[in-house]
1. Out of segment B:113-186, which trypsin sites (Lys or Arg not before Pro) are coil in DSSP terms and have no more than 13 other C-beta atoms within 10 Å?
2. Where the centroid of each part is defined by its Cα atoms, how far is segment B:1-62 from segment A:189-243 in Å?
3. For helix A:221-234, report the angle its Cα long axis makes with the longest principal axis of the Cα atoms of chain A; keep it between 0 and 90° and round to the nearest 10°.
4. Choose one of C:Cys230, C:His247, C:Ala270: the residue whose Cα lies farthest towards the positive end of the charge dipole of segment C:228-285 (beta-carbon charges +1 Lys, Arg; -1 Asp, Glu; about the Cα centre).
5. What is the mean projected area of the alpha carbon convex hull for segment B:207-272, to one decimal in square nanometres?
6. Where does helix C:150-163 land angle-wise versus the long Cα axis of chain C, in degrees 0 to 90, nearest 10?
7. Which trypsin sites (Lys or Arg not before Pro) does segment B:1-73 hold that lie in a coil by DSSP with at most 14 other beta carbons within 10 Å?
8. Only Cα pairs within less than 10 Å get springs; with that Gaussian network setup on chain C, which residue of C:Asn35, C:Asn197, C:Asn91 has the largest fluctuation?
Amino acid sequence: MNQNFSTHTKTLKLASWLGWKMESNWADWWIFAVYSVVRPLASSMILVVMYWVIAKSGNAQASGSYNLTFMYLGNAFFMFVGNVLYGVAWTIHEDREHYQMLKYIFISPAKMYFYLFGRGTAKLFITVFAVIATIAFGMLVLKIPIDLSAVNYPMLVLVTGIGLLGIAALGVILAAVSMVTAHHSFYLTEGVAGLFFLVSGAIFPIEVLPGWLQKISLINPLTYWIELARRYITGEKMCQVLSSISNLELFFILTLSTLILVYLSVIIYRFFEHLAVQRGLIDRLTNF
Amino acid sequence: MKTDLKTNLKSIWARAYVRIVGANREPSWILSETVLPLLNTAAFVYVYKALRAPEEYIGFVILGGAMTAYWMNVLWSMASQFYWEKEMGNLELYLIAPISRMSILLGMAIGGIFYATLRAVVVFVFGSLIFRVNFFISGVVELFLIFILTMIALYGMGMFFASLFMLWGREAWHTSNLFQEPIYLLGGFFFPVKTLGYTVAMFASAIPISLGLDGMRQLCFKTGKTLGFLDVKIEILLLLGLSIFYIWISHYALLFMENLGKKQGRLTLKWQ
Amino acid sequence: MNHAIETLKLNRTFKIKKAKDKPAPSFITALEEVNLTINKGELFGLLGPNGAGKTTLIKILCTLLLPTSGTALVDGVDVVKNPALVRRRINMVSGGEHSGYGILNVRENLWMFSQFYGVPKKIAYERIDTLLKLFGLDEFAKTRIGKLSTGMRQKMNVIRGFVSDPEILFFDEPTLGLDVQIAREVRKYIANWVKNNSQKTVLLTTHYMAEADELCDRIAIIDHGKVIACDSPSNLKKLLRKETIVHIEINLTDENFEHFSQLPGVKKFALEHKHNIGRTELKFILENDSAISQVTQALSSNGSKIISLSKTDPSLEDVFVALVGRSLESEN
Ligand SMILES: Nc1ncnc2c1ncn2[C@@H]1O[C@H](COP(=O)(O)OP(=O)(O)OP(=O)(O)O)[C@@H](O)[C@H]1O
Ligand SMILES: [Mg+2]
């Protein structure tokens, strides 16, 4: 058991180191620029411009407490979803077809499951920086009102951590699916991130969604995660639908659903791993 | 000369065939290529809904969301494909063959357009139905012309990028990542490009899709003209210019990069 | 008439990216003043240890790499000035390559590659089917290439080279990783192809002595980028007709025996550690038979136990030892 535990921690360490090497083997500043500045800022700017174009046309009677801060923060935090999900899920394809070494990791005593988590950490660190840079840019350049003295830092860090665990677990689920799908599963990750973007209330309040999509949003742990993060930053309740739920209750829901996700990821991973080995897909090449 | 042309045409078909057959044999892309992009587009629609934006903005987003398919296709399945080909060992076989490198790229493009068009059509048709977009087509011929020219210029630009990817290793990957969002922004996929201001919009017009989208929006929606950037006729001329420019420059860039690669010995280098 | 291949003072250096701790970039000379003339209809071998420059030469001739200086002509056409013309005449196959697309089957992949040479559809399929049968791959024609074994895969690669029916075919270690049986089939086909088509030329690289010896009309031995000998295998072996060749096996040892080259009567010698059978093999090129006792005495005074000693006819391997003072098969 103990032996197992140390193998797992070693796997995690090795995988994060590997992930880091792969991300940064070219020229560090360049990678950093791409993932921490250019991409995040460009994607934030798309939303900001969308907001501006409506505000300028004098039509800005946005619903409820919806405003630029809501949208900007939600989008910033959502970067964790895109990047960590991608960092974990893409590992399968990258190691299988690009480095062609998935089979070697597979046959090593290291558990793939932990290896996947580890590979996500590199992306995670880059994203932490990206989120901070985005928020700083928003405050300084775009003059988005955020009061730094109102932020509940300890809770923000805790909640972010729990949310990230859930996202990584989702990444593992996608990675598991990628083991049996072709190269183009790249779009799968992108699409799933898109789905969560729609039903997590990241960039618009879920009350504008039709009823059934609202219900889906309410079973999505990320909805609670993003709302909590926003609340701990601004000190205000942002989402109307969730306004009757206290911070503590939200926290409880988030923790519980994250645990469920992690549990699910273990089961789903095992299932697809078995399937992949059975069908001999561990070392195939599907790019075309 | 004539046999040259024949060989090149055959190569285009052979390379496209791989993708078309591949699409049939690995159908796992259908869900990810159709339903999921639609969801992504919907997210932007709801932003406008939450902002209580005028109705035509919904249509703008649907059109933009549909066109992302082609941009993704150019970026990931054509430009950076050279890098994958190098890793797999096919690039050197293409390079020793007596054909133009553009034929290979064109083959990839034709194969890829098949996917992209499906994605675009699904987003466009279902998006329009679900969000009840009202169209007001004011010029079918112009619309067709703009779309075709946008495609030519866009895929020409893809070929230009591909020349860079011929030499790059993993950095190519990061470069694709680098380009994806900024071009969503500058291309005006989710808002009229005019919003960026005249100077930025002018600069952004180097990306064929920004003029293309702008023109298509002007021709598809009632208020499109007032929110448009330049006159549609001018946009068509500019797109024609861009098409010629990108095809011309990619021809030389491909030659240049190939030669540089041959000089530095990087053309066949793997595992960078 | 043009030669199939002609190189004149061909040089190629590679710049090695400067490491963080080193002030200046360093250079590797992969080819140095290479002069080769290969006739049409010849099966020509490049023989040399790892890193000798064999692949580099092939790449230059295939228009994948520019020489740093010098000229290379393929069928009289300059590879630098007119690569497009060269490409119509050539094809290349390397050992262990992973070309093609996993989504296509063997026949489709071969068809695809034939199209890059404009081979008419009907002819392409005829050639493909004939070759598949010949190589015993016909039952795998409809198998996706991801499911082939390494050997079948390499057979497919070799077929790919022939499908475009080039004038000059380059093989970079065509039998790499193949078992003896399949390697023999591949060699046989290559040899026959050249024999039956008087105008077709093959240039192949290998570091298997026997392959070069058995297959090639002429061989260039190349080491550290330099051609150190170029002739038919039998002529190369004749270089050693006056010398005595002795192979001695002793217990595996780490000693380097350098002083042995100073022994009277020893012209050249090389050693090779055979870890798998726990022996070290010493190969001596001696001036005459009387030097044998010198060597055995020196060995026993060294404390080495002689397991076997044989006097042999010269092989290409011995020619290599005599020319370079190293064993081709040794680890460095
Ligand atoms: N693209 C490159 N960049 C830098 N150095 C290179 C490059 N290609 C080859 N080299 C170097 O040039 C030398 C010759 O390499 P080459 O591949 O031609 O050897 P080879 O004879 O084919 O060896 P092997 O038997 O191992 O295939 C080697 O030292 C190699 O490291
Ligand atoms: Mg080699």
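1. Hits after loop and neighbour filter: B:Arg132.
2. Taking the Cα centre of segment A:189-243 as reference, the centre of segment B:1-62 is 28 Å away.
3. Helix A:221-234 sits at roughly 50 degrees to that axis.
4. C:Cys230
5. Result: 6.5 nm².
6. On a 0 to 90 degree scale, this one is about 60.
7. B:Arg52
8. Maximum among the listed residues: C:Asn197.
Read the figures in this text as sums done on the coordinates, not as results from a lab. Please read these numbers as outputs of a predicted model, since none were measured by experiment. Backbone-built Cβ (ideal geometry, glycine too); neighbour counts: all protein chains shown.
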